[in-house]
Amino acid sequence: AVHSISGFNRDFPSNIQVIWKLSQNLKPITTIFHFHMIENHWTLIYFPLALIYKLFPHPLLIAFITILTFASGALLIYLIAEKKLKNPKLSLALLISLLLNPYVFQGLLLRINSDIFSFFFISLAFYFLIAKENTTKNNLLFIASSLAAMSCKEDISLYFIVIGFWILLSLKRKNLGITTLLISGLYFTFITNLMPNFSIGLRANNFHITYA
C-alpha cells in the first residue's frame with residue numbers, strides 16, 4: 001500500500017510506513033529515506049496515530065484524520081478571530097483566505113506530516129490563551145496544548161519561546177510567560193540532545209547543521 005500511492009509526495013508513503021511500523025511494534029525506520037523517525041523529526045504524535053492505524057489499517061484513514069485535524073485548527077482560528085475582532089464577517093473572510101491558500105492545498109493533498117497536527121495544537125493553545133478567560137484552568141490547558149504541539153516537531157518549541165516572550169512583554173502575564181519560556185527552552189534543549197542518538201548511520205545526518 002505504501003509504494004502504490006505514487007501520486008503523492010514522498011512524505012506520504014514514508015510517514016505512513018513509519019506509522020504502520022509503530023502499529024506493528026517495529027522500529028520506525030523508513031526504507032524510503034533511510035532514517036529513524038526520531039533521527040529525522042521529533043514526531044511523537046505518530047504514536048497515537050499508530051494506535052488508530054492498528055485498529056483501522058488503511059493509509060487513507062491517516063489522510064482523513066489529517067484533513068479533519070486541519071479543519072479543526074482552522075475553526076479554532078475563526079473562533080479566536082471572532083472573539084478578538086468582534087466581527088463575524090471579517091472572521092469568516094480570514095477563515096476563507098486560510099482555506100483557499102495554495103500552500104494548504106499542497107500540504108493536504110500531497111503529503112502527510114506532523115506540521116498539520118502542530119497547527120491544530122498551536123491554534124488550540126492560542127484559543128485557551130486569548131479567546132478564553134485568564135484562569136488557572138485555561139492557563140493549564142494552554143500549557144498542555146503547547147506540549148502537544150511540541151510533540152509534533154522539534155522546532156515547535158522555538159515558536160513557543162517567542163510566544164513566551166510575547167505573553168510576558170505584551171500580555172503582561174508574568175507567571176505564564178516565564179513558565180512558557182522555561183518549558184519551551186528546556187524541551188528544545190532536551191530533545192535536540194536526544195535525537196542524534198537515534199541515528200542509524202544510513203545517510204549523512206544534517207541535524208547538527210540545522211540546530212548547531
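The values are calculated or read from the model by the stated rules, or taken from the named source; none is laboratory data. Just so we're clear, the structure is a prediction, and the values are computed from it rather than from any experiment. Cβ atoms come from the backbone with ideal geometry, glycine included; neighbour counts cover every protein chain shown. Remember, those area values only see protein heavy atoms, side chains included, never the ligands or the DNA or RNA. Shrake-Rupley method; radii C 1.70, N 1.55, O 1.52, S 1.80 Å.
Taking the mean number of other Cβ atoms within 10 Å as a proxy for protection, how do you rank 49-58, 141-150 from highest to lowest? Please list the in-between numbers first.
Details: 49-58: 14.5, 141-150: 20.8.
Averaged packing, sorted descending, gives the order 141-150, 49-58.
For the pair K54 and L108, a Förster radius of 25 Å applied to the C-beta separation gives a FRET efficiency near 0.55, rounded to the nearest 0.05.
Going by average Cβ neighbours within 10 Å, how do the peptides 119-132, 84-97, 157-170 rank, with the highest at the top? Could the numbers behind the result be given before it?
Numbers: 119-132: 20.6, 84-97: 12.6, 157-170: 17.4.
Ranked from most to least packed, the peptides come out as 119-132, 157-170, 84-97.
Trypsin sites (Lys or Arg not before Pro), restricted to the range 135-189: which are DSSP loop and have at most 11 other Cβ atoms within 10 Å?
Qualifying residues, ordered by number: K172.
Apply 1/(1 + (r/R0)^6) to the Cβ-Cβ distance of K132 and K172, taking R0 = 22 Å, and write down the FRET efficiency to the nearest 0.05. Before the final figure, lay out each step's value.
On the way: r = 17 Å, r/R0 = 0.78.
Computed FRET efficiency for K132 and K172 comes out at 0.80.
Computing the accessible area with a 1.4 Å probe over protein heavy atoms, can you report the carbon and sulfur percentage for the chain? That fraction is 68 percent.
With runs of 4+ DSSP H residues as the only contributors, calculate the mean residue ellipticity of the chain at 222 nm using -39,500 (n - 2.57) per run, divided by the residue total and rounded to the nearest 500.
Numbers: 11 runs with 143 residues, N = 212.
Using -39500 (n - 2.57) per qualifying helix, the result is -21500 deg cm²/dmol.
Rounded to two decimal places and with Rh computed the Kirkwood way over Cα pairs, what is Rg over Rh for the range 70-191?
Numbers: Rg = 14.9 Å, Rh = 15.1 Å.
Taking Rh as the inverse mean 1/r over Cα pairs, Rg/Rh reads 0.99.
Probing with 1.4 Å while keeping every protein chain in the model, the per residue accessible area of the chain equals 55 Å².
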